[in-house]
Each structure stands twice: as C-alpha cells, then as structure tokens.
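Before any comments, here is the structure.
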Amino acid sequence: MFIQTESTPNPATLKFLPGQTVLDAGTADFPSAEAASKSPLAQRIFAVSGVTGVFFGNDFVTVTKDDSVEWDHIKPAVLGAVMEHYQSGQPVIDEGGQQASGHAEHSGEDGEIVDQIKELLDSRVRPAVAQDGGDITFHGFDRGVVYLHMQGACAGCPSSTLTLKMGIENLLRHYIPEVTEVRPVAV
C-alpha cells in the first residue's frame with residue numbers, strides 16, 4: 001500500500017491519500033480523541049502523540065497536529081497508523097457511528113434562499129475545499145448572514161478568514177442578493 005501526502009494551506013494539517021475509498025459518502029470530523037470513539041481509524045491516528053484532529057473525506061484523511069511537534073517527527077507514525085488500519089480489515093467507522101456531516105436543516109420563510117446557498121456550496125465551494133483537505137457546511141441563515149462550519153484543514157487555517165470573506169462571501173452575494181455577510185461558527 002502506497003499512501004501519498006499533500007500539504008494544505010493550513011501548516012498544522014496534512015492530507016493523506018491512501019489510494020482507496022475512505023468514506024463512501026459525506027465527511028466525518030473528529031476534533032478530539034474523545035470524538036473518535038466510533039472510528040477505529042481515527043482512534044489509531046489519535047494514538048500518535050501530537051495529533052489534535054482527524055477529518056475524513058471520500059478519498060482522503062486530513063490530520064491536524066499540535067504546534068509543538070514537527071511533521072517530520074509524527075508523519076511516519078501517522079502513515080503507519082493508516083496502513084495498519086487498512087491491513088486490519090476493520091471499518092473506517094463502526095456501524096451507527098457519525099458520518100455524512102452535511103448541511104444543517106433549515107425551516108422557515110427563507111427556505112428558497114437556503115436551498116440556493118446549499119446548492120452553491122455543494123457545486124462551487126465544497127469540491128475546491130476538499131482538494132485542500134477540508135469541508136465547509138451550511139450551519140444557518142439569519143437576516144442576510146450565512147453561518148458556515150469549517151472542518152478538517154479549513155478549521156484553524158490562517159487563510160480561512162480570507163477564504164470566507166473574499167471567496168465564499170463574494171460568491172454568495174453575487175448570486176444571491178439577500179446574502180449580506182458570511183461568518184464562521186464553531187460547533
């Protein structure tokens with residue numbers, strides 16, 4: 001098994017490409033070791049000292065490390081954990097575990113606007129963000145303000161504010177006049 005790695009815009013996060021499907025659908029975010037209880041793969045990765053976050057996409061795993069450790073010191077252990085997992089035959093996520101963390105539901109008078117926002121996020125934003133090892137999902141819409149949840153490499157990325165304000169906010173405002181601002185939320 002050959003696992004490729006790619007850097008991300010977030011220097012604390014590295015993208016691992018195992019060359020096979022990680023999740024059939026959706027994404028899974030594990031911001032702490034405690035959150036990884038339903039994922040044998042995430043548990044193995046969190047066992048590596050210095051790992052602070054794990055995120056799964058369709059064909060990638062992004063790992064976030066503590067600033068006090070260098071990638072040169074923990075990358076071999078993370079590669080080993082991913083390889084061990086795939087050789088073990090265990091599932092990535094146990095039955096009934098969290099997965100497919102998509103957009104939040106929205107009910108109310110702004111339903112049509114919210115549908116347009118979700119469509120633009122799915123068609124234009126999420127594929128680009130996935131290339132960088134992360135995901136951005138809809139969290140809410142209130143009086144012109146769109147609230148988005150950033151995951152994986154996007155969470156804590158130094159350029160995430162620029163991505164939100166200059167990229168996503170401008171895109172949404174261009175296509176949907178009712179949108180006035182985009183803000184991040186922590187879940």
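The values are calculated or read from the model by the stated rules, or taken from the named source; none is laboratory data. Predicted model only: the values in this text are computed from it and were never measured. Quick reminder, even Gly has a Cβ in these numbers, built from the backbone with ideal geometry, and neighbours come from all protein chains shown.
Go through Val114, Val129, Val125 for me and flag whichever is at pLDDT below 95, in contact with a Leu (Cβ under 8 Å, 6 or more places away or on another chain), closer than 24 Å to His174 by Cβ and in a helix (DSSP H, G or I).
Val125
Yes or no: region 172-186 includes at least one residue that is part of a helix (DSSP H, G or I), crowded, with 18+ Cβ neighbours inside 10 Å and either touching a Ser or Thr at 6+ places or on another chain (Cβ under 8 Å) or at pLDDT 90 or above (or both). Please lay out each step first, then the result.
Going residue by residue through region 172-186, those that are part of a helix (DSSP H, G or I) are 172-175.
Subsequent filtering for residues that are crowded, with 18+ Cβ neighbours inside 10 Å retains 172.
Still in the running and either touching a Ser or Thr at 6+ places or on another chain (Cβ under 8 Å) or at pLDDT 90 or above (or both): 172.
Yes, there is a match, as at least one residue in region 172-186 is part of a helix (DSSP H, G or I), crowded, with 18+ Cβ neighbours inside 10 Å and either touching a Ser or Thr at 6+ places or on another chain (Cβ under 8 Å) or at pLDDT 90 or above (or both).
Tell me whether region 106-121 contains one or more residues that are within 20 Å of Asp29 (Cβ to Cβ) and out of contact with any Phe, Trp or Tyr (no Cβ under 9 Å at 6 or more places or on another chain).
No - not one qualifying residue is present in region 106-121.
Can you tell which of Ile93, Ile74 is part of a loop (DSSP other than H, G, I, E, B), of a type in the set (A, V, I, L, M) and outside the structural domain of Thr161 (by TED's automatic domain parsing)? First the steps, then the outcome.
Details: Ile74 fails: part of a loop (DSSP other than H, G, I, E, B).
Matching residue, one of Ile93, Ile74: Ile93.
Only one of Asp132, Asp115 is among the acidic types (Asp, Glu) and either without any contact (Cβ under 8 Å) to a residue 60 or more places away in the chain or in the same structural domain as Ala35 (by TED's automatic domain parsing) (or both). Can you tell me which? Break it down stepwise before answering.
Details: Asp132 fails: either without any contact (Cβ under 8 Å) to a residue 60 or more places away in the chain or in the same structural domain as Ala35 (by TED's automatic domain parsing) (or both).
Exactly one of Asp132, Asp115 is among the acidic types (Asp, Glu) and either without any contact (Cβ under 8 Å) to a residue 60 or more places away in the chain or in the same structural domain as Ala35 (by TED's automatic domain parsing) (or both), namely Asp115.
Name the strands (runs of 3 or more DSSP E) wholly within region 1-67 that hold at least 2 residues that are crowded, with 23+ Cβ neighbours inside 10 Å, assigned by TED's automatic domain parsing to the domain that holds Leu79 and not acidic (Asp, Glu)? Talk me through it step by step, then tell me what you get.
Working: elements: 4-7, 13-17, 28-30, 51-56, 61-65.
Qualifying strands (runs of 3 or more DSSP E): 13-17, 28-30, 51-56, 61-65.
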